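Reading through the structure tokens given below for one structure.
The values are calculated or read from the model by the stated rules, or taken from the named source; none is laboratory data. Nothing here was measured: the structure is a model prediction, and the numbers come from that model. Quick reminder, even Gly has a Cβ in these numbers, built from the backbone with ideal geometry, and neighbours come from all protein chains shown.
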Amino acid sequence: MNRRHWFAIAATALTLSSAAALAQEWPSRPVRIIVPFPPGGASDTMGRLIAGGLSKEIGQQFVVENIGGAGGMVGTTRAAKMPPDGYTLLLSGVGSNAVMHGLHSNPGYDSLRDFDHIGQIQLAPNVLVVNAGQPFKTVQELLAHIVSNPGKMNYGYTHAASGHMAMALLKQVGGKEGKPLDIVGVAYRGGGPLLLDVLGGQVPMVFLDQQSLMPHLKAGKLRALAVTSAKRNPLLPDVPTLAEVGIEGYEAMSWSGLSAIRGTPQPIIDRLDAAMRRAMASPDIRDRLESQGFVVPPPGGEHYTRYMAEQIALWTRVIKAAGIKPE
């Protein structure tokens, strides 16, 4: 064996030894989880939930740092540029790590190349609702009205949100004879103003997350026609899925998970994987998620990476077909 081969072997051994030593010491200080959205929203809630679980399992503090902006691109780009030492993690999700790849040819990061995905935290459906003053009792009645009255039915959306994507997909696959639904979108800056106008009757239909809708569904101010998940949701057992009412294969979920910076030493990835599996299996986290209608996905980075790749392909295709552009 020549000198070059000996140097290569020695360098590899040194690298592995250094990675093992780093992993053995890790974490010797708090670990931050970048949540690429402002405090108070669903992403922030999920970030703090998994931070608490990992703190308990690993015995070191995991803290959330909110870096919002540009639909999650600012914080995600920041995370991608951090050292891969295990002290910076990312709360990844459908908007910043799937939808953004359909909207931007180069959002500043590649969600599959720049991150090692630890595991998924949750899946959540959107709900297709109409104002209670509308006459529609079923999805079939709503779609029949839209087909018979092209261009006369409005819906509300916030740009690039999961509800926007759910409606874009419905428009493409919900029509007759392969024709898209002819409905008119009304853009809103946030889910709060949109919900107020749906409640007030200014907007007749919308896809929104079930957490914000539940009080108004119980009060009878809104009527749920369908959920976007593949299976019915336990919180809305009488509400069918869109696949059940004839839109075969329809599924449009909101989701989030935990990711590390690509190049993080494998022993640290392995520790995070094991700790996250334990945290997600704990009654504290699982019961809290399921009691609010969230689905707890299969564990592990392999599943999450595969799911994210499928979601990037889906929403890139939908966005391109719909002609949706960045704001």
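Residue-wise test of (1) among the hydroxyl-bearing types (Ser, Thr, Tyr); (2) closer than 30 Å to LEU196 by Cα.
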{"site": "MET82", "(1), (2)": "no, no"}
{"site": "THR88", "(1), (2)": "yes, no"}
{"site": "VAL94", "(1), (2)": "no, yes"}
{"site": "ILE118", "(1), (2)": "no, no"}
{"site": "ALA124", "(1), (2)": "no, yes"}
{"site": "THR138", "(1), (2)": "yes, yes"}
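Residues of region 282-302 being modelled with pLDDT under 95 and in contact with a Gly (Cβ under 9 Å, 6 or more places away or on another chain), which ones?
Within region 282-302, just ASP284 meets the criteria.
Hey, among the residues in region 219-249 that are in contact with a Ser or Thr (Cβ under 7 Å, 6 or more places away or on another chain) and within 18 Å of ALA98 (Cβ to Cβ), which one's modelled with the lowest pLDDT?
In this case the residue turns out to be ALA230.
For region 32-51, indicate whether the set of residues that are farther than 29 Å from HIS104 by Cβ and either crowded, with 18+ Cβ neighbours inside 10 Å or in contact with a Leu (Cβ under 7 Å, 6 or more places away or on another chain) (or both) is non-empty.
There is no residue in region 32-51 that is farther than 29 Å from HIS104 by Cβ and either crowded, with 18+ Cβ neighbours inside 10 Å or in contact with a Leu (Cβ under 7 Å, 6 or more places away or on another chain) (or both).
Let's see how each residue does on (1) at pLDDT below 95; (2) exposed (fewer than 15 other Cβ atoms within 10 Å of the Cβ):
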position	(1), (2)
ALA80	no, no
ASP85	no, no
SER105	yes, yes
TYR109	no, no
ARG113	no, yes
GLN122	no, no
GLY133	no, yes
VAL139	no, no
LEU143	no, no
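Quick test of your reading of the structure: PRO298 fulfils all but one of (1) surrounded by fewer than 19 Cβ atoms within 10 Å (Cβ to Cβ); (2) assigned to a helix (DSSP H, G or I); (3) of a type outside the set (Val, Ile, Thr). Name the failing condition by number.
Condition not satisfied by PRO298: (2).
Counting just the residues of region 289-327 that are charged (D, E, K, R) and under 16 Å from the mean Cα position of the chain (by Cα), which one comes out nearest to PRO215 (Cα to Cα)?
GLU310
Name the residues in region 203-218 that are over 23 Å from MET153 (Cα atoms) and of a type in the set (A, V, I, L, M, F, W, C), would you?
Across region 203-218, the qualifying residue is only MET214.
Using beta carbons and a limit of 6 Å, which pairs, at least six apart or on different chains, have the first residue in region 111-134 and touching a residue at least 12 places away in the same chain (Cβ under 8 Å) and the second one of a type in the set (Phe, Trp, Tyr) and part of a strand (DSSP E or B)?
Once the first residue is touching a residue at least 12 places away in the same chain (Cβ under 8 Å) and sits in region 111-134, its partners that are of a type in the set (Phe, Trp, Tyr) and part of a strand (DSSP E or B) give LEU123/TRP255; ASN126/PHE207; LEU128/PHE207.
Looking at region 34-58, I want the residues that are assigned by TED's automatic domain parsing to the domain that holds ARG78 and have a partner that is of a type in the set (Val, Ile, Thr) and in a helix (DSSP H, G or I) with Cβ atoms under 7 Å, at least 6 apart or on another chain. Which pairs are those?
Partner pairs satisfying both residue conditions: PRO36/VAL74; PRO36/THR76; LEU49/ILE285; GLY53/ILE285.
Failed condition for GLU141, given (1) assigned to a loop (DSSP other than H, G, I, E, B); (2) charged (D, E, K, R); (3) within 24 Å of GLY220 (Cβ to Cβ), with all others met?
(1)
Among the residues of region 145-157, which ones are farther than 21 Å from GLY220 by Cα and either of a type outside the set (S, T, N, Q) or exposed (fewer than 11 other Cβ atoms within 10 Å of the Cβ) (or both)?
HIS145, ILE146, VAL147, SER148, PRO150, GLY151, LYS152, MET153, TYR157
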